[in-house]
Amino acid sequence: MSIKINQEFCIRCKKCVNVCPGNLLDMGDKGKAYVKYPKECWGCTSCLKECPTGAIKYYLGADIGGRGGYLYTKRDNDQLSWLICKPDGKHVCITVDGTQANRY
Amino acid sequence: MNLELKILNTDILIIGGGTAGCFAALTIANNSDCQVIITEKANIKRSGCLAAGVNALNAYILKGETPESYLEYVRNDAEGIIREDLVISMAKRLNEVTRKVETMGLVIQKDSKGDYVARGRRNIKINGENIKPLLAEAVEEKKNVQVLNQVNMIDYVIQDNRVIGAYGFSIKDNIFYTIQAKAVICATGGAAGLYRPNNPGFSRHKMWYSPFNTGAGYAMGIRAGAEMTSMEMRFIALRCKDTIAPTGTIAQGVGASQINGKGEEYERNYGAPSTPNRMYSTIRENMEGRGPCYLETKGMPMETQEELYKAYLNMAPAQTLRWIERGKGPSVENVEIEGTEPYIVGGHTASGYWVDTERAATLVGLYAAGDVAGGSPQKYVTGCFAEGEIAALSAMSYIERIKPVSIDREQIINKFNNVTRFLKNSPGLLRVEDLEEAMQKVMDEYAGGISAGYMVNMDKLFIAREQIKILLDRSTFLRANDMHELVFIYEVIDRLYVCQVVIEHLIARKETRWHCYNENADYPKKDDEHFFRYVNSRYGNGNIEIIFREIVKKDEQYEHQD
Ligand SMILES: Cc1cc2nc3c(=O)[nH]c(=O)nc-3n(C[C@H](O)[C@H](O)[C@H](O)COP(=O)(O)OP(=O)(O)OC[C@H]3O[C@@H](n4cnc5c(N)ncnc54)[C@H](O)[C@@H]3O)c2cc1C
Ligand code: SF4
Ligand code: SF4
């Protein structure tokens, strides 16, 4: 399971690097973030949620049935939006209100 | 590469800034002026089990329940092998710690009367996505708590038979730390990655438990001769296939039952429902050709499905991504389930430090809380808070009573040289990654992993014992090129120590008390006459000594004895 960083969107804030519970990310040559240890990723999505520009995408490895879709997040105060791009290119957006408990 | 040597001083050192560690720090800061240092291998904002969030508080005393009824549930689930004194003292604090975390900003659902809303008999509903950042914020506000992020601890400093600090090193900077403290609280969580995981390839870290909790706390204790308990009571979780996401949200939240490939409910054919039996029944159904097994969700209302999508995003986003990617949610397709590789997790089963009622380990000056502490299963998040609180209060009272000593310099230099040799070793045949894989293969095949159907027998365990020993010996030749590689080396060494102890415990409990967790083909029955006791152990001079101890009841105040 892993993530991909689109360096074009990276504004070098280093937030993802600082937050990863496995210290798996680092700042590369051009001062932009990159995944140093892709196979070590837990898939916790902490780095995505930190990224101010939505540069980090999260996807399921093919070995666990991943089909080429991915997700990234956008935060607007308490509202956390999860944007999922399906394998056919269509987008789905699920917004979770942080002030509401899970129904289940 | 040269390392700088840094020595710090504090009153109480907390190793691991996770659930229990953060709560312990808050307890100390709220009740005293003691100086606290938290050393955390990652960043307390999202480190440990709570990184992605949790979906419910699994341990809460709801109306109509009592700490005693919680104890009874835990006792039954663990077939009696629990420390009742620990479970009851934890259970008594569950509601109070819940109230405290609510004041930190955790969203908990309430009914019109202001009571928390139940999910099942012991759970309450929350939005736990941000539970770790909330805890971290609360900790960072405390002036007397210093947080050292990205500092990995490796061993205790022991002098005059007391724990007076710990050694570690920074993952980012070239610094070797010696942290001297009057008392130490270990809160490093449990151990994942001992066994070959469900997805050994690219997604090898897509596991349920945090792959970054590598059993460091257990290993530090083992190496220092602390007594450990119930390491044979491995935790094997029933999880959603491939994503290894928790199933409780669907099973308890929505009430879905387990069915086999033929669509039959099977759990009740295997005796009284319990956590190990839910797992065992699924394994048996698969082995007997009736798999795959599922949680029956098909036909659930679309509204429920939408809510499940959200609930999973709040703790295991992979599962929601999977549903949406496939274009088939749980209302259309049942959710396939499988068992995970075995973990050692004192918050779910009873493995970990043998502590007294005050959460003091058998090494003077050392306290343990959370998944690293043994004897008290089904702690979950709130139980870890409760234990963090108890350990903190005990450590505070301990440091009032003792005279601090200072670390002798020679000890520090020895340890420093011990660590830096990995940076000096010439590159050899064995890489850390290969060693880890070899260890996981041995554990999988000979110590009851997934491929062995979780089953052990004596002959296989003896092979596991021999092979793990060889791997541990070979670990001395590993080489690190940077600080992160040094962490990788210590992680695999720590895991190997934990594996050794797990194997000895599996050898010692010659019965089958819990399906899957400790399933011994040579001794397929429960044997109360000989084994209604704790299996404990102590490591010294390269040997692991097994100690059997009698069950501690709920009204006892347990103190360490020899
Ligand atoms: C995926 C998942 C979902 C869960 N869902 C729920 C739920 O919904 N409800 C519930 O009640 N419970 C849930 N649990 C259980 C609960 O989260 C854990 O029992 C609890 O968080 C463990 O707390 P801890 O303090 O022992 O460990 P952690 O919170 O993991 O803390 C351990 C800390 O120690 C650090 N550390 C480790 N080694 C070192 C070292 N050598 N040096 C320095 N630092 C180190 C780690 O980085 C980590 O921050 C879940 C667990 C998991 C894994
Ligand atoms: S998903 Fe989690 S483990 Fe993976 S890189 Fe991001 S923060 Fe690290
Ligand atoms: S958080 Fe996003 S913008 Fe910031 S360094 Fe990481 S990838 Fe770049």
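No lab work stands behind these numbers, since they all come straight from the coordinates. It should be emphasised that the depicted structure is a prediction, and the values quoted were computed from it without experimental measurement. All Cβ positions, glycine included, derive from the backbone under ideal geometry; neighbour counts span all protein chains shown.
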Taking Cα pairs closer than 8 Å and at least 6 residues apart, the relative contact order of the range B:238-339 in percent is 36 percent
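What does the net charge come to around A:Arg12 if you take all other residues with beta carbon closer than 9 Å to its beta carbon, with K and R at +1 and D and E at -1?
Values: positive: A:Lys14, A:Lys30, A:Lys32; negative: none.
So the surrounding residues net to +3.
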Among the range A:13-32, those whose backbone N falls under 11 Å of a label point 7 Å along Cα→Cβ from B:Asp482 are A:24-29
Once both label points are put 7 Å beyond Cα along the C-beta direction, the B:Val332-B:Arg121 separation in nm becomes 3.8 nm
Residue span B:Ala521 to B:Val364: 0.36 nm per residue of separation minus Cα-Cα distance leaves a gain in nm of 52.6 nm
For chain B, the longest principal axis of the Cα atoms and the Cα long axis of helix B:94-103 enclose an angle in degrees, to the nearest 10, of 80 degrees
With +1 at each Lys and Arg Cβ and -1 at each Asp and Glu Cβ, the charge dipole magnitude of the range B:238-339 around its Cα centre, to the nearest 20 debye, comes out at 140 debye
Here, trypsin sites (Lys or Arg not before Pro) of the range B:403-503 satisfying both criteria (DSSP loop; at most 14 other Cβ within 10 Å) are B:Arg431
Quick calc, B:Arg409 & B:His530: beta-carbon distance into FRET formula, R0 56 Å, rounding 0.05, result 0.70
Between the Cα axis of helix B:19-31 and the main Cα principal axis of chain B, the angle (0 to 90°, nearest 10) is 60 degrees
Once amide hydrogens are built 1.01 Å from N within the peptide plane, the residues lying 5 or more places from B:Gln159 or on another chain with amide H under 5 Å from its amide H are B:Ile164
Per-residue ellipticity at 222 nm attributable to helices in chain B (runs of n ≥ 4 DSSP H, -39500 (n - 2.57) apiece, nearest 500 deg cm²/dmol) works out to -11000 deg cm²/dmol
Listed by chain and number, the lysines with an alpha carbon less than 22 angstrom from that of A:Lys30, same-chain partners under 8 positions apart left out, are A:Lys4, A:Lys14, A:Lys15, A:Lys57, B:Lys172
Taking Cα pairs closer than 8 Å and at least 6 residues apart, the relative contact order of chain B in percent is 21 percent
In this structure, the FRET efficiency calculated for B:Lys142 and B:Ser112 from their beta-carbon separation, with R0 = 56 Å, to the nearest 0.05, is 0.95
Checked against the positive end of the charge dipole of the range A:3-97 (+1 on Cβ of Lys and Arg, -1 on Cβ of Asp and Glu, about the Cα centre), the farthest of A:Cys13, A:Thr73, A:Gly31 is A:Gly31
Taking Cα atoms, the helix B:275-287 axis meets the longest principal axis of chain B at an angle in degrees (rounded to 10) of 60 degrees
Residue separation between B:Ser69 and B:Glu559 times 0.36 nm, minus their alpha-carbon distance, gives in nm 173.9 nm
In order over the range B:524-534: 3J(HN,Hα) from phi, Karplus 6.51/-1.76/1.60, θ = phi - 60°, whole Hz, x for each Gly or Pro, gives x, 10, 6, 10, 5, 4, 9, 10, 7, 8, 7
Taking every other residue with Cβ under 14 Å from the Cβ of B:Asp371 and scoring Lys and Arg +1, Asp and Glu -1, one gets +2
Note, B:Gln411: beta-carbon cut-off 12 Å, +1 each Lys/Arg, -1 each Asp/Glu, net -2
Among trypsin sites (Lys or Arg not before Pro) in the range B:201-280, those in a DSSP loop whose Cβ has at most 12 other Cβ atoms within 10 Å are B:Lys262
As straight-line cross-link partners of A:Lys36, the qualifying aspartates and glutamates (C-alpha separation under 14 Å, not fewer than 8 residues apart within one chain) are A:Asp26, B:Asp482, B:Glu485
Heads up, the range A:3-97 by the C-alpha gyration tensor (a ≥ b ≥ c square roots of eigenvalues; a/c under 1.5 rounded, else a/b over b/c prolate, else oblate) looks oblate
Result: in the range B:238-339 the number of Lys pairs with C-alpha under 17 Å apart, spaced 8 or more or on different chains, is 5
To the nearest 20 debye, the protein assembly as shown has a Cα-centred charge dipole, built from +1 on Lys and Arg Cβ and -1 on Asp and Glu Cβ, of 1520 debye
Residue by residue through the range B:332-344, the couplings from Karplus 6.51 cos²θ - 1.76 cosθ + 1.60 with θ = phi - 60°, in Hz, x for Gly and Pro, are 9, 10, 5, 8, 6, 10, 8, x, 8, 5, x, 10, 10
Residue-ordered couplings for the range B:492-509, obtained by feeding phi - 60° into the Karplus form 6.51 cos²θ - 1.76 cosθ + 1.60 and rounding to whole Hz (Gly and Pro as x), are 6, 5, 4, 4, 5, 4, 5, 4, 4, 6, 4, 4, 4, 5, 5, 5, 6, 7
With +1 on the Cβ of every Lys and Arg and -1 on the Cβ of every Asp and Glu, the dipole magnitude of chain B about its Cα centre, in debye rounded to the nearest 20, is 660 debye
Charge dipole of the range B:108-179 built from unit charges on the beta carbon (Lys, Arg +1; Asp, Glu -1), centred at mean Cα; most positive-end Cα among B:Ile171, B:Gly114, B:Ala136 is B:Gly114
Length gained if B:Asn269 through B:Leu8 is fully extended, taking 0.36 nm per residue and subtracting the Cα-Cα distance, is 88.1 nm
